[in-house]
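Inspection log for the structure reproduced underneath, given as structure tokens.
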Amino acid sequence: MVIVTKNEQYRIAAALESAATASEIVVVDAESEDDTVQVCKRYTDRVYTRQWQGFAAQKQAAVDLASGPWIFILDSDERFTPELVDEISAALKDTALDGFYCPRKNFFLGRWIKHGGWRPDYTLRLFKKEKGRLEPRQVHEKVVVNGKTGFLKHPIEHYTYDSIPEFIAKMDNYSTLSAKEKATGSAGVVSLAIRPIATFIKMYFLRFGFLDGIHGFILAVLYGFYTFVKYAKIWEMQHQPAQLRMFKNGGKAL
């Protein structure tokens, strides 16, 4: 099992505790300024420090450091369940597959979100080291497996956001990364006006987010806002060079 960390002293212990039966645990820490490393060393001696190079690069570094033939990538806000551990052990005893998609049981503000596109939320996390690589992306990184894949039944428990401020802080970072990735895309008035509303409608109505009550409503609104901020940042990136040239030229267009 591999995991990357940065300033996760309050959550990492629960993640590592849930992985206590793993044959090896590799942690790559991005120069945490809290006690993350000290906490990790209580569970494994395979703790490495590496300057942050982005989500995909950081996780690939952790995969490269692992010695086992099979890799499971766990995030610090995720937890194995005993049922999932047993299922993985059984699946790997005799399989011709090269990777497995695992569902996630996502929690938002302490509530399990069952709709809005958050379930079953399959993600490829378990794979043969020689067959899988992290796709190089700014954000929403994923594993690409050169081979056959299957699906696990039992989910990872994923504790996403404990508070609205936490969501907004992460939204600012993720929207910047996503904007950089899509900087050549369209970011006019239509995108800024329509895409956030479309995101809300898709999550709340088309994917039945309203069945999650007030949590589903808040989540759909926040993701609509995230979409707006992302495209606003794309617009800013596309127009910033001209603005900077004008500033450097005393406010006159070149």
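Of all residues being of a type in the set (A, V, I, L, M, F, W, C) and farther than 16 Å from Ser89 by Cα in the range 133-157, which is surrounded by the fewest Cβ atoms within 10 Å (Cβ to Cβ)? Just the residue, please. First the steps, then the outcome.
Taking the range 133-157 first, the residues of a type in the set (A, V, I, L, M, F, W, C) are 134, 139, 143-145, 151-152, 156.
The next check asks that each one be farther than 16 Å from Ser89 by Cα; those that pass are 134, 139, 143-145.
Numbers: Leu134: 21, Val139: 16, Val143: 23, Val144: 13, Val145: 19.
Only one residue tops the list, namely Val144.
Which condition number does Arg195 fail, the rest of (1) in the same structural domain as Lys233 (by TED's automatic domain parsing); (2) in contact with a Ser or Thr (Cβ under 8 Å, 6 or more places away or on another chain); (3) more than 30 Å from Ile214 (Cβ to Cβ) being met?
(3)
Restricting to the range 176-191, what's the tally of residues that are assigned to a helix (DSSP H, G or I) and among the basic types (Lys, Arg)? It would help to see each step written out before you state the result.
Filtering the range 176-191 down to residues assigned to a helix (DSSP H, G or I) leaves 176-181, 189-191.
From the residues that got through so far, the ones that are among the basic types (Lys, Arg) too are 180.
The total comes to 1.
Quick one: would you say Arg111 is surrounded by fewer than 16 Cβ atoms within 10 Å (Cβ to Cβ), at negative phi and at pLDDT below 95?
Numbers: surrounded by fewer than 16 Cβ atoms within 10 Å (Cβ to Cβ): yes; at negative phi: yes; at pLDDT below 95: no.
Here the answer is no, as Arg111 does not meet what is asked.
Going residue by residue through the range 68-76, is there one that turns out to be at pLDDT 95 or above, crowded, with 19+ Cβ neighbours inside 10 Å and among the acidic types (Asp, Glu)?
Step one: filter the range 68-76 for residues at pLDDT 95 or above, giving 68-76.
When the remaining residues are screened for being crowded, with 19+ Cβ neighbours inside 10 Å, the result is 70-76.
Narrowing further to those that are among the acidic types (Asp, Glu): 75.
Yes - at least one qualifying residue is present in the range 68-76.
With the checklist (1) closer than 20 Å to Ile3 by Cβ; (2) among the β-branched types (Val, Ile, Thr); (3) out of contact with any strand residue (DSSP E or B) (no Cβ under 6 Å at 6 or more places or on another chain) in hand, flag the one item Val143 doesn't pass.
So the condition that Val143 fails would be (3).
Residue check: is Asp212 charged (D, E, K, R) and closer than 18 Å to Arg119 by Cβ? Let's see the steps before the verdict.
On the way: charged (D, E, K, R): yes; closer than 18 Å to Arg119 by Cβ: yes.
So Asp212 passes the test.
Cβ-Cβ below 7 Å, separation at least six or inter-chain, first residue in the range 61-81 and within 19 Å of Thr49 (Cβ to Cβ) and β-branched (Val, Ile, Thr), second modelled with pLDDT of 95 or more and part of a loop (DSSP other than H, G, I, E, B): which pairs?
From residues that are within 19 Å of Thr49 (Cβ to Cβ) and β-branched (Val, Ile, Thr), the pairs are Val63/Lys129.
The values are calculated or read from the model by the stated rules, or taken from the named source; none is laboratory data. Just so it is clear, the model here is predicted, and its values are computed rather than measured. Methodologically, a virtual Cβ is constructed for each residue, glycine included, from the backbone with ideal geometry; neighbour enumeration extends over all protein chains shown.
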